[in-house]
Amino acid sequence: MYRYDEYDRTLVNERVEEFRDQVARRISGELTEEEFLPLRLQNGLYLQKHAYMMRVAIPYGALSSDQMRGLAAIANKFDRGYGHFTTRQNIQFNWIELADTPNILAHLASIDMHAIQTSGNCVRNVTTEAYAGVAPDEEYDPRIFAEIIRQWATVNPEFLFLPRKFKIAVSSSQEDRAAVRMHDIGLYLYRDEEETLRFQVMVGGGLGRTPFLNQLVKDNLHWSEVLSYIEAVLRVFNRYGRRDNKYKARIKILVNSLGISAFREEAEAEWQQIRGSFSTLTEDELSRVASQFLSPLYKALDDTDLQYGHHLTSNSEFASWASRSVKPHKVKGYASVAISTKFPTNTPGDLTAEQMQRIADLADLYGFGVIRVAHEQNLVLPDILKQDLFSVWTSLCEVGLALPNVGLVSDMIVCPGASYCNLATAHSFPVARKVAEAYSLEEQLDVGDISINLSGCINACAHHHIGNIGILGLNKSGKDYYQITIGGAQGKDSQIGKVIGPAVSEEVLPGVVKNITNAYLANRNDHETFHETFLRIGLEPFKLAAYGPAGA
Amino acid sequence: MKNIIRIHSGDAAVIKSDDWVIAEDVHDTPDPHDVFPMAVWLARVEQGEEVTPAVWIGVNDDPMELQSVIDKLSFIGVFFEDFKDGRGYSTAYLLRKRLNYQGDLRAFGDVLRDQLSLMRQCGFDSFAIKEGKDPYDAMKGLKGLSVTYSSSVSQPNPLYKRVRR
Ligand code: HEM
Ligand code: SF4
């Protein structure tokens with residue numbers, strides 16, 4: 001995994017001292033709140049309902065065990081003993097004092113971490129999928145380019161005051177597990193017939209009030225030109241993106257008002273002016289960064305492990321966990337383990353310091369000391385020997401993290417909603433819990449893989465538009481109401497869901513969701529996923545079923 | 001203009017005021033240091049009227065319109081209406097890199113200490129600090145971080161081409 005060299009470390013340390021000075025000037029009144037606001041946002045600091053919130057970047061979701069312990073220490077020392085993992089491979093601490101923030105950042109710097117550009121109108125944390133480097137369907141490790149782009153975007157002086165936030169995601173596998181299609185720039189990295197690495201660049205994705213998937217703007221882009229192309233897109237956005245209305249300021253609005261072909265012409269014209277110059281990547285730089293992501297030294301093993309097989313047949317609880325949590329690995333005899341942070345024992349995305357420490361210990365004991373954060377707000381131990389899976393499960397059981405629900409109904413993506421967020425129009429955690437509790441595990445297994453996403457307001461932090469079932473919290477005359485969309489999907493065939501009808505109250509919501517999954521069960525053909533059934537039968541049958549008698 | 005920090009051969013100094021005057025439009029007492037809005041200045045050039053070598057660029061102006069006349073200019077002011085509006089950074093980039101402008105490039109308006117190093121990296125070499133702010137204090141903001149990764153106007157080579165990492 002990527003280790004800081006003296007340059008990375010110097011930058012992060014100097015940034016901490018710069019922010020320490022800015023915080024002092026804010027506290028003394030030298031800086032007004034208006035002047036301080038973008039400075040603190042670009043250092044990860046939000047002002048929430050009850051306190052400051054600090055969002056820490058976990059670049060491309062990769063953490064070492066020591067970094068995880070560092071996060072646990074921050075949770076204990078500066079927060080209330082827990083942290084919240086987000087869909088964008090960040091962690092948020094909810095109960096932060098302004099005066100502590102320079103020390104938190106210094107603590108992060110000491111473990112090669114930072115909160116730079118985790119908020120603000122700039123290029124945010126570059127994300128990819130949790131199984132990067134180990135997925136069997138991968139063409140090239142996407143973390144390598146995510147890191148290259150991260151460095152390029154970090155404190156890039158021209159692009160820190162863009163019209164709006166800017167999110168970039170990279171994927172390089174058959175299946176897109178990084179929600180690439182809803183990012184401002186989405187990158188698919190692939191090899192052409194000559195094995196040369198090339199990018200497909202998509203631009204203009206984003207959810208919120210007006211959801212859009214991104215659109216193809218450039219194909220066959222040689223890997224060495226990816227930075228100059230991104231620079232061209234950002235310059236066009238910086239110059240022409242709307243700044244008069246915050247809700248129309250994302251690049252998706254610019255792309256859709258110009259039309260993709262006019263936008264492509266603008267970007268292309270700008271790119272022709274700068275390509276081949278300073279931003280062209282070199283083989284040396286690519287191999288330098290790539291050398292930081294070499295695989296650990298795996299053992300040569302058979303693909304089947306007898307002990308693992310034995311535990312699977314003799315322990316049904318273990319088997320049921322394994323059927324959801326054990327993921328394929330490119331190396332024989334190994335697997336990746338997904339750890340659910342969800343209901344009933346946890347709040348989606350939340351982990352206590354103790355749980356973080358336990359995961360760090362497991363990573364050290366069994367998994368080369370590495371951990372990943374998944375877009376679904378779960379954690380992943382990417383490199384586990386099959387023979388160790390049973391021991392890993394036993395340890396996870398002790399801290400309430402052996403939930404057998406990865407990918408099921410109760411593995412919902414949920415934002416903090418009105419519990420913390422001052423933009424929220426409704427609660428999210430407590431209602432998500434009620435939906436989860438409406439299903440037994442058997443019922444969930446019967447439904448199988450499904451994505452349910454619940455956002456506490458139209459900002460769509462939980463990506464409700466691209467959930468198979470999306471739930472959006474609204475406020476209707478002082479009461480929480482929930483609007484439902486279905487038919488959303490992420491991945492290569494991403495789709496924005498459609499609203500099924502009037503919003504429903506918290507009390508009826510679980511029954512309505514259940515009616516929808518029942519309609520799926522009643523209509524599905526063998527092995528059809530929820531989304532496949534939706535594509536075949538359309539919205540109408542779901543709409544009819546949804547508002548019928550609860551649980552019918 | 002007042003409250004100025006100027007970088008000259010790498011050193012920064014505060015200048016209480018200099019002769020440049022930001023003008024909104026043509027006026028009755030022409031001054032050789034009048035800095036006219038880009039559109040006004042361009043219109044005068046087109047009509048063959050005499051002009052000062054100075055313009056200022058507003059947030060909605062396209063600096064590329066100066067392409068054919070850039071040699072006539074030795075002072076360009078870029079107006080920051082609000083420090084959160086980052087168009088001025090791209091404007092500076094285009095003037096320096098695309099139009100190869102070599103003269104004075106001044107940021108004025110909502111120009112604050114904590115953005116000075118970014119502006120400098122984008123090619124500005126003087127800064128009229130916002131009224132009411134202390135330019136000596138603001139000068140501390142020029143330093144910025146000693147490590148920069150990406151290419152910029154002031155440091156065209158990205159880090160990995162500058163040093164052995
Ligand atoms: C609690 C404090 C938070 C605040 C104040 C906040 C604020 C916002 C806002 C205002 C937007 C809309 C931006 C726009 O469309 O221009 C947004 C989008 C987003 N947020 Fe959050 N957010 C918070 C927490 C989270 C959390 C916890 C997650 C992950 C679970 C998250 C993930 C996202 C994502 C993925 C988007 C992008 C949706 C898009 O592309 O339009 N945010 N957030
Ligand atoms: S979706 Fe709304 S309520 Fe939820 S975290 Fe985002 S801004 Fe807050």
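Coordinate-derived values only; no laboratory data. What you are looking at is a predicted structure, and each value in this text was computed from that prediction instead of being measured. Using ideal geometry, Cβ is built from the backbone for each residue, glycine included, and neighbour counts are taken over all protein chains shown.
Some points to look at:
- Taken over the alpha carbons of the stretch A:40-155 as equal point scatterers, the Debye sum produces base-10 log I(q)/I(0) values at 0.12 Å⁻¹ of -0.42.
- Just so you know, the Rg over Rh for the stretch A:498-552 is 0.97, from Cα atoms, with Rh as the Kirkwood radius.
- Average Cα contact separation per residue, the stretch A:306-398, under 8 Å, 6 or more apart, as relative contact order %: 31
- Sequence-ordered 3J(HN,Hα) estimates for the stretch A:241-255 from the Karplus curve with 6.51, -1.76 and 1.60 and θ = phi - 60° stand at x, 6, 10, 8, 9, 4, 7, 10, 9, 5, 5, 4, 6, 4, 4 Hz, glycine and proline given as x.
- Partners for A:LYS543 among lysines (Cα-Cα distance below 25 Å; same-chain residues under 8 apart left out): A:LYS434, A:LYS476, A:LYS479, A:LYS498, A:LYS514
- Distant-in-sequence amide H partners of A:ILE339 (H built 1.01 Å from N, under 5 Å): A:LEU379, A:VAL380, A:LEU381
- Expected-Rg normalisation [2.2 N^0.38 Å, Cα atoms] applied to the stretch A:252-379: 1.63
- The H on the amide N of A:ALA179, modeled in the peptide plane, is under 5 Å from the matching H of A:GLY491, each at least 5 residues off or on a different chain.
- Candidate aspartates and glutamates for bridging to A:LYS77, where Cα separation is under 12 Å - those fewer than 8 sequence places away on the same chain excluded: A:GLU97, A:ASP100
- Computed label-point distance, nm, for sites B:GLN47 and A:LEU258 using a 7 Å Cα→Cβ extension: 3.4
- Shown here is the pair-distance distribution of the stretch A:142-292: with all Cα-Cα distances grouped in 10 Å bins from zero up to the longest one, the shares run 11, 43, 36, 9, 1 percent.
- With a cut-off of 10 Å between beta carbons, the residues surrounding A:TYR298 carry a summed charge of +2, where Lys and Arg count +1 and Asp and Glu -1.
- Along its first, second and third principal axes, ordered by size, the stretch A:306-398 spans 35, 27, 21 Å in Cα coordinates.
- For the stretch B:1-85, the set of GluC sites (Glu not before Pro) satisfying both a DSSP loop assignment and a count of at most 16 other C-beta atoms within 10 Å is given as B:GLU24, B:GLU49, B:GLU50, B:GLU81.
- Kirkwood Rh, Cα atoms: Rg over Rh of the stretch B:45-104: 0.97
- DSSP-loop trypsin sites (Lys or Arg not before Pro) across the stretch A:27-89, with at most 14 other Cβ within 10 angstrom: A:LYS49, A:ARG80
- In summary, the convex hull built on the alpha carbon positions of chain B has an orientation-averaged projected area of 10.1 nm².
- Entry note: the protein assembly as shown has Rg to Rh equal to 1.00, where both radii use alpha-carbon atoms and Rh is the Kirkwood radius.
- Computed on chain A, with alpha-carbon pairs under 8 angstrom and 6+ residues apart, the relative contact order is 12 percent.
- Under 18 Å from a label point set 7 Å out along the Cα-to-Cβ vector of A:ASP493, the amide N atoms of the stretch A:149-176 belong to A:173-176.
- Counted charge near A:HIS375, where neighbours are those whose Cβ lies closer than 13 Å (Asp, Glu -1; Lys, Arg +1): 0
- Once you divide the Cα radius of gyration of the stretch A:4-78 by 2.2 N^0.38 Å, the number left is 1.26.
- Note that the stretch A:347-364 has calculated 3J(HN,Hα) couplings of 9, x, x, 8, 10, 7, 4, 5, 5, 4, 5, 5, 5, 4, 4, 4, 4, 5 Hz, one per residue in order, obtained from phi through the Karplus relation 6.51 cos²θ - 1.76 cosθ + 1.60 (θ = phi - 60°); glycine and proline are x.
- Length gained when the stretch A:ARG80-A:THR345 is fully extended (0.36 nm per residue, less Cα-Cα span): 93.6 nm
- Summarised as an ellipsoid, the stretch B:63-137 has semi-axes of 22, 12, 10 Å, derived from the eigenvalues of the Cα gyration tensor scaled by 5 and square-rooted, with the largest first.
- The share of C-alpha pairs in the stretch B:1-83 whose separation exceeds 21 Å stands at 33 percent.
- Here's the list of lysines a cross-link from A:LYS252 could span, going by alpha-carbon distance under 17 Å and ignoring same-chain residues fewer than 8 apart: A:LYS165, A:LYS167, A:LYS218.
- For A:PHE166, neighbours were defined as the other residues whose beta-carbon sits under 10 Å from its Cβ, and their charges (Lys and Arg +1, Asp and Glu -1) total +4.
- Cleavage-rule hits, chymotrypsin sites (Phe, Trp or Tyr not before Pro), the stretch A:317-352, DSSP coil, Cβ neighbours within 10 Å at most 16: none
- Cut-off under 5 Å, modelled amide H: who pairs with B:PHE80 long-range: B:PHE108, B:GLY109, B:ASP110
- Label-to-label distance, nm, for residues given as A:GLU507 and A:LEU544 (7 Å Cα→Cβ offset): 2.8
- Estimated inter-spin distance, A:GLN174 and A:THR529, nm [label 7 Å along Cα→Cβ]: 1.3
- Residue-wise HN-Hα couplings along the stretch A:45-58, as the Karplus relation 6.51 cos²θ - 1.76 cosθ + 1.60 with θ = phi - 60° gives them from phi, are 9, 9, 9, 9, 4, 9, 6, 6, 10, 10, 9, 9, 7, 10 Hz; Gly and Pro carry x.
- The stretch A:413-546 - Debye-derived log10 I(q)/I(0), Cα point model, q = 0.19 Å⁻¹: -1.05
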